[in-house]
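Each remark here refers to the structure printed beneath this line.
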Amino acid sequence: MIELKGISKTYNPGTVTEMCLFHDFDLTVKDGEFVSVVGSNGSGKTSLLNIICGSIPVDKGELLLDGKNIGKLPEFQRYRRIGRVYQDPAAGTCPHMTILENMSLADNKGKPFNLTRGVNRERKAFYQEQLKTVGLGLEDKMDALVGTLSGGQRQAVALIMTTLTPVDFLILDEHTAALDPHTADIIMEITDKVVKEKGLTAIMVTHNLRYAVEYGSRLLMMDKGQIVLDKAGEDKQKIATEDLLDIFNRISIECGN
């Protein structure tokens, strides 16, 4: 379970561009929830993910993972339990390394560095098994450089790499935004499958309102660092994309956009 308690964050304090984004912000994400987060630019979506992952510090408040305060843990230590897939397909992979080398690198996350080979070819069959689940034929391209793959293929590799070692929480940072609509649909189907099969707790920031409605067990809409809509379970299932768009537009008009 992820808990944010009394989180406050001000950007550029003491300057003309000072902006208080979060003030006594609270959020609890239960184990097994798949939370979709939507909102306009500047609403705090990405900052929320960065706070959880430790990319930016907070001014006040607590961040708890399963009751343990990890607010002072550095980013790399948080990633022992948290996996993150970024918007840019190039961000989570090494382009000049093969799929096999990338998978091996991910497989060694959190393990001590020793004078051993970086690629364990005995694990190749396991990597191929994992890649086969996405249905893109990547298991037959183990020696291909990742930089030669399409954006969708690369994002699929990044998703599998992120969840290759045991993680409890999956952070999806607009991970379909850079893809064409058809490829984005495929990646979302793969994402949903991975989350369910591995029993992950997931938080997905997206600008695609249809994905927010169709996927996940809970839907949040943010505005100016606050949660203005929170629907889960049956209440979420009743929401249509058009309803969500109406709320989104109404907030935008009130903000003068």
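The values are calculated or read from the model by the stated rules, or taken from the named source; none is laboratory data. No experiment lies behind these values; they were computed from the predicted model shown. Cβ atoms come from the backbone with ideal geometry, glycine included; neighbour counts cover every protein chain shown. With ligands, DNA and RNA removed, areas are computed over all heavy atoms of the protein, side chains included. Shrake-Rupley method; radii C 1.70, N 1.55, O 1.52, S 1.80 Å.
If the condition is being open to solvent by 10 Å² or more (accessible area, probe 1.4 Å) and either without any contact (Cβ under 8 Å) to a residue 12 or more places away in the chain or assigned to a helix (DSSP H, G or I) (or both), then region 136-148 contributes GLY137, GLU139, ASP140, GLY147, THR148. Go through region 1-58 residue by residue and tally those that are closer than 17 Å to GLY225 by Cβ, in a loop (DSSP other than H, G, I, E, B), among the polar types (S, T, N, Q) and open to solvent by 10 Å² or more (accessible area, probe 1.4 Å). Count: 5.
Residues are listed down the side, and each one gets a yes or a no for (1) touching a residue at least 24 places away in the same chain (Cβ under 8 Å); (2) open to solvent by 20 Å² or more (accessible area, probe 1.4 Å); (3) polar (S, T, N, Q); (4) part of a loop (DSSP other than H, G, I, E, B):
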| position | (1), (2), (3), (4) |
| --- | --- |
| ARG154 | yes, yes, no, no |
| ILE160 | yes, no, no, no |
| PRO166 | no, yes, no, yes |
| LEU170 | yes, no, no, no |
| THR176 | yes, no, yes, yes |
| ALA184 | yes, no, no, no |
| ILE190 | yes, no, no, no |
| ALA202 | yes, no, no, no |
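Take ALA106 and tell me if it is in contact (Cβ under 8 Å) with a residue 40 or more places away in the chain, surrounded by fewer than 19 Cβ atoms within 10 Å (Cβ to Cβ) and under 27 Å from TYR215 (Cα atoms).
No, not satisfied.
When ILE56, ILE82, ILE99, ILE70 are checked against the criterion of being among the hydrophobic types (A, V, I, L, M, F, W, C), under 17 Å from THR162 (Cβ atoms) and within 19 Å of the chain's Cα centre (by Cα), ILE82 stands alone in meeting it.
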